[in-house]
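What follows is a set of notes on a single structure, which appears directly below.
The values are calculated or read from the model by the stated rules, or taken from the named source; none is laboratory data. All values reported here derive from a predicted model rather than from experimental measurement. Ideal geometry is used to build each Cβ from the backbone, glycine not excepted, and the neighbour counts take in all protein chains shown. Surface accessibility is based on the protein's heavy atoms, side chains included, excluding ligands, DNA and RNA. Shrake-Rupley method; radii C 1.70, N 1.55, O 1.52, S 1.80 Å.
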Amino acid sequence: MNRVRIEDIARHSGEDVEIAGWLYHRSGKGKLHFLQVRDGSGTIQCVVFKGDVSPELFESVDRLTQESSLLVRGTVRPDPRSPIGFEIGVKELDIVSIAAEYPIGPKEHGTAFLMERRHLWIRSRRQHAALRVRHELQRQARRYLDDNGFLLLDSPILTPAACEGTTTLFPTDYFGEPAFLTQSGQLYGEATAMAFGKVYCFGPCFRAEKSKTRRHLTEFWMLEPEMAFCDLKGDMDLAEDLIEHMVQRTIERRRPELAALERDVSKLEKVKKPFPRLTYEEALAVLRKNGRGLNFGDDFGAEDETILGNSFEQPVMVHRYPSSIKAFYMKQDPECPELALCVDVLAPEGYGEIVGGGQREDDYEKLKARIASHGLPEEAFAWYLDLRRYGSVPHAGFGLGLERVVAWVCGLSHVRETTPFPRMLGKIWP
């Protein structure tokens, strides 16, 4: 008897199969037991009829508790009442393990209670759906880049210097030398772009921000493409195309999971090119009309990003911020040096920034001066400056925060539900 995944059950209608999984729910009446069994790919009803199995097996089903592990063998048969269109008529059932009393029941539990039991909470229907959507978004991001000539080259986790600012570094000891957990793979991405043309890295980043907002994690995953011979416009075009691909392909492949999350998919279906594009000053005007008293040179906070995002049905691209509020590596606009050739992509529905990037400074002397003006040690960036000495070209890239994209696509209220084991301020267990 072949073992199959529940998500593939439709291919085996009328066949005898085996599934390996865990009991999600049990009910029964008279000569029937109804077992909802999940295997990680889906959930299916397994019907145990007293006349089809041994008396010992039928009686043993009464002992099953939630999350008991099982091997179920039986016939796949159509069931129009089932969400997946099929059920299994049980012929044999092996109990692998009887679970202890499960601590997460159908009643309402507080967030703190659930976070302490995150290792079990991820088995629940909504968490399961969100993490499957996360997987799909990752897969579609990589598929898009792989199909468009990008090479995946992983960047190091341990780095000798800051990328985004020295105040948000996690320090560690590296054989007697100071080192830090990476804030971004961007600088190394620039180096590999000079070798391979179009590259990306996709891995964890760490920011020691003392923030307790619904948008922040101290450890998160970032997708970072970098391109040689590319300017700000090309960078914006790539971000727009990538986001549309990720969202639309995920809608196609994960509609049941989005339904389980009660996500209004009609809003995601509007995520199509072209996205609105505003300069920083145009964005300022929108914010002022909405009562925000900001001046030129002010950075946008969460409330500002929410207002801008809610002004459009698609993600909005805000570009050319003041260079004074952007990182040292951002190239200044030749036509207006007080502006940086940068872009932030803000998601609609109040989810804020999901992409930040821009054109990188490719002039050796200008970059050297920017490193000094930011109070950064030049020796730590000697290798980075070398990229401008040996065949420098215009180049650009961005970072896409995976957890924020997952929160937006799933319609989740907090990023803690977008990753299996979130790391937040004061939260490192389990």
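Taking the stated definitions as given, is residue 97 closer than 22 Å to residue 128 by Cβ and among the polar types (S, T, N, Q)? Considered against the rule, which asks whether it is closer than 22 Å to residue 128 by Cβ and among the polar types (S, T, N, Q), residue 97 comes out as yes.
Looking at the range 79-100 only, could you name the residues that are within 24 Å of residue 54 (Cα to Cα), under 36 Å from the mean Cα position of the chain (by Cα) and of a type in the set (Gly, Ala, Ser)? 97, 99 - these are the residues of the range 79-100 that are within 24 Å of residue 54 (Cα to Cα), under 36 Å from the mean Cα position of the chain (by Cα) and of a type in the set (Gly, Ala, Ser). For the range 382-430, a tally of residues being in a helix (DSSP H, G or I) and of a type in the set (Gly, Ala, Ser) returns 2. Listed by first and then second residue, the pairs linking a residue in the range 272-290 that is in a helix (DSSP H, G or I) to a residue that is β-branched (Val, Ile, Thr) and exposed (fewer than 14 other Cβ atoms within 10 Å of the Cβ), with Cβ atoms under 6 Å apart and 6 or more places separating them unless they lie on different chains, form an empty list. If only residues of the range 109-130 that are open to solvent by less than 70 Å² (accessible area, probe 1.4 Å) and in contact with a strand residue (DSSP E or B) (Cβ under 9 Å, 6 or more places away or on another chain) are counted, the one that is farthest from residue 193 (Cα to Cα) is 115.
For residue 144, the criteria (1) in contact with a helix residue (DSSP H, G or I) (Cβ under 9 Å, 6 or more places away or on another chain); (2) without any contact (Cβ under 8 Å) to a residue 12 or more places away in the chain; (3) not basic (Lys, Arg) hold in every case but one, which is (2). Considered as a group, the residues in the range 211-243 that are under 15 Å from the mean Cα position of the chain (by Cα) and of a type in the set (D, E, K, R) include one that is farthest from residue 404 (Cα to Cα), and that residue is 224. Counting only strands (runs of 3 or more DSSP E) wholly contained in the range 159-258, the ones carrying 1 or more residues that are open to solvent by 20 Å² or more (accessible area, probe 1.4 Å) and within 24 Å of residue 149 (Cα to Cα) occupy 198-206, 219-228.
Checking each residue of the range 316-333 against the condition of being open to solvent by 50 Å² or more (accessible area, probe 1.4 Å) and either among the acidic types (Asp, Glu) or under 20 Å from residue 202 (Cα atoms) (or both) gives no match. Scanning the range 131-145 turns up no residue that is open to solvent by 30 Å² or more (accessible area, probe 1.4 Å), out of contact with any strand residue (DSSP E or B) (no Cβ under 8 Å at 6 or more places or on another chain) and over 26 Å from residue 417 (Cβ atoms). Look at the range 174-187: where a residue is of a type in the set (D, E, K, R) and a partner is open to solvent by 60 Å² or more (accessible area, probe 1.4 Å), sitting 6+ places away or on another chain with Cβ atoms under 8 Å, you get 177/160.
Selection of the range 292-313 for residues being part of a loop (DSSP other than H, G, I, E, B) and either aliphatic (A, V, I, L, M) or buried (at least 20 other Cβ atoms within 10 Å of the Cβ) (or both) yields 294, 300.
Condition check for residue 368 on (1) within 23 Å of residue 233 (Cα to Cα); (2) open to solvent by 50 Å² or more (accessible area, probe 1.4 Å); (3) not in a loop (DSSP other than H, G, I, E, B): one failure, at (1).
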